[in-house]
Amino acid sequence: NYWNAASFVTSSSYLHFSTFQGETSADISFYFKTSASDGVFLENLGNTDFIKLELKSATEVSFSFDVGNGPVEIVVRSPNQLNDDQWHRVNAERNVKQASLQVDQLPLEVRKAPTEGHTRLELYSQLYVGAAGGQRGFLGCIRSLRMNGVTLDLEERAKVTPGVKPGCSGHCTSYGMYCANGGKCVEKYNGYSCDCSKTAYDGPFCIKDVGAFFEEGMWLRYNFHSPGTSVKDLVSRTLLSSADPEITAPDLSLNKEELSFSFSTTKSPCVLLYVSSYTQDFMAVLVKPSGNLQIRYSLGGTKEPYNIDVDHRNMANGQPHTVNITRNGRDIVLQLDHYPPTSYSLPTASDIQFNSPKALFLGKVIEIGKIDQDIYKYNTPGFTGCLSRVQFNQIAPLKAALRPTNASSHVHIQGELVESNCGASPLTIPPMSAATDPWHLDSGKQASADFPYNGQAIGDGVNRNSAIIGGVIAVVIFTILCTLVFLIRYMFRHKGTYHTNEAKGAESAESADAAIMNNDPNFTETIDESKKEWLI
């Protein structure tokens, strides 16, 4: 019902419905879009009673009615034009206590009902949406018309009404910005949709990453030249944007490329992406043995390929990383993750044409002919990890492999390709400021600074992690020692040597007194003395 709409193409066009039953309360809401400056939205009449909503001017919407106490009009004035061919919402309400009108998010206009008088709205004519009674009708589109909670089926009635068309056009004018990542907004009579076919994304708004997990030894090849297609057709149809006037099919070459993807891996070295050609030209994105990223261009004119080394960041740390590379002639712009873009330039002697592109490889290079020595070395055992939203100009090889499209015939896969979003880039990571970025260098220091290789580059992070681990180990050892000391003290407190003054021969004595007498001679003598009798 949200997109149930009708387009009024003449000022005399209208739709009619049964009489509006709103005697004591009326709740009317709808959206409109127009380029006209005035027109009646809807009207329903009685003998003297009526209810009407209209666009009075390019900045005014009016809600008027009469329940027998005389006409009442509420007007909302907008500071901006309402005939800007954008959607605007109108909400009008009336009950026995008050009436109100609101347009978009403008302040609500309220009118109190008189304390005495009529309160019932008595109508008998049909409800007219659009022109009524010879008045100038609304020109434009109305959708989602609800009256007392009931959505009127504008589309169905418009199908059998001259001068009115079902649905609306121009949705992309208002909502086209929601088609993200290069998705194209497509008009539909009852809404819009996003065409994601020219992007590496999926979903209704082209925001879902399409990615896959690559096992060791697995690779994907996207052939720009499909069987039965000439190289000329290949370049004009698959690689080059029709909106790009600088590149034409007869050139069989590229003056510019746009490459973007995200990945995650813990293994190095490896080949992430490689673009081959029918000549010796190529482009490659590699992870070096140190875990650092390298972009390699060979377009002819130089003995060695032109390398861009990013030696101060470890990319083989298992975290998702985003890579965006744009080349326009001799100028190359590289952006990694959320860091600011960095500009590079091909050597003066280098050619700027990527001649006769042939195929794009992911994970591993399986190509006939001579391959660069370093790439051949990094090619074994191959990439292990995740690749996501890979796009080279207008080509999305992973999406072509995982989604049945016309380009699927260009794809060849070695191994089992499992869809996964494990390589998807983080969505919201704000850029670091110069004060908090550990890699930021002042312009004066930048020229003389030499970034260390991977082992030193991440030294601060390793030292920080080592300190944390060491602290945890120290606490554990200290706790164990304290526990041992406590146990030892407890054992010796309850288990020791006791010394007593127990009389010898106690084992054979008949009683304790006997044992004392047997053991202590003085005690015996004392008893003997006491037994003597004296005669006085």
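Structural remarks
- Condition met for G149 (within 18 Å of T19 (Cα to Cα), open to solvent by 30 Å² or more (accessible area, probe 1.4 Å) and in the same structural domain as D85 (by the TED database)): yes
For (1) out of contact with any strand residue (DSSP E or B) (no Cβ under 6 Å at 6 or more places or on another chain); (2) free of Cβ contacts under 8 Å to residues at least 40 places away in the same chain; (3) closer than 28 Å to R120 by Cα, each residue gets a yes or a no:
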{"site": "K52", "(1), (2), (3)": "no, yes, yes"}
{"site": "L55", "(1), (2), (3)": "no, no, yes"}
{"site": "A58", "(1), (2), (3)": "yes, yes, no"}
{"site": "I74", "(1), (2), (3)": "no, yes, yes"}
{"site": "Q86", "(1), (2), (3)": "yes, no, no"}
{"site": "V96", "(1), (2), (3)": "yes, no, yes"}
{"site": "S100", "(1), (2), (3)": "no, yes, yes"}
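- For the stretch 170-191, residues that are open to solvent by 50 Å² or more (accessible area, probe 1.4 Å), part of a strand (DSSP E or B) and not basic (K, R) total 2.
- Condition check for F361: in contact (Cβ under 8 Å) with a residue 40 or more places away in the chain and more than 26 Å from M218 (Cα to Cα): no
- In the stretch 256-269, residue surrounded by the most Cβ atoms within 10 Å (Cβ to Cβ) [restricted to those that are under 14 Å from G318 (Cα atoms) and either not hydroxyl-bearing (S, T, Y) or not assigned by the TED database to the domain that holds Q373 (or both)]: F263
The values are calculated or read from the model by the stated rules, or taken from the named source; none is laboratory data. As the structure is a computational prediction, the values presented were derived from the model and not from experiment. Neighbour counts run over all protein chains shown; Cβ positions are idealised from the backbone, glycine included. The area values use the complete protein model at the heavy-atom level, side chains included, leaving out ligands, DNA and RNA. Shrake-Rupley method; radii C 1.70, N 1.55, O 1.52, S 1.80 Å.
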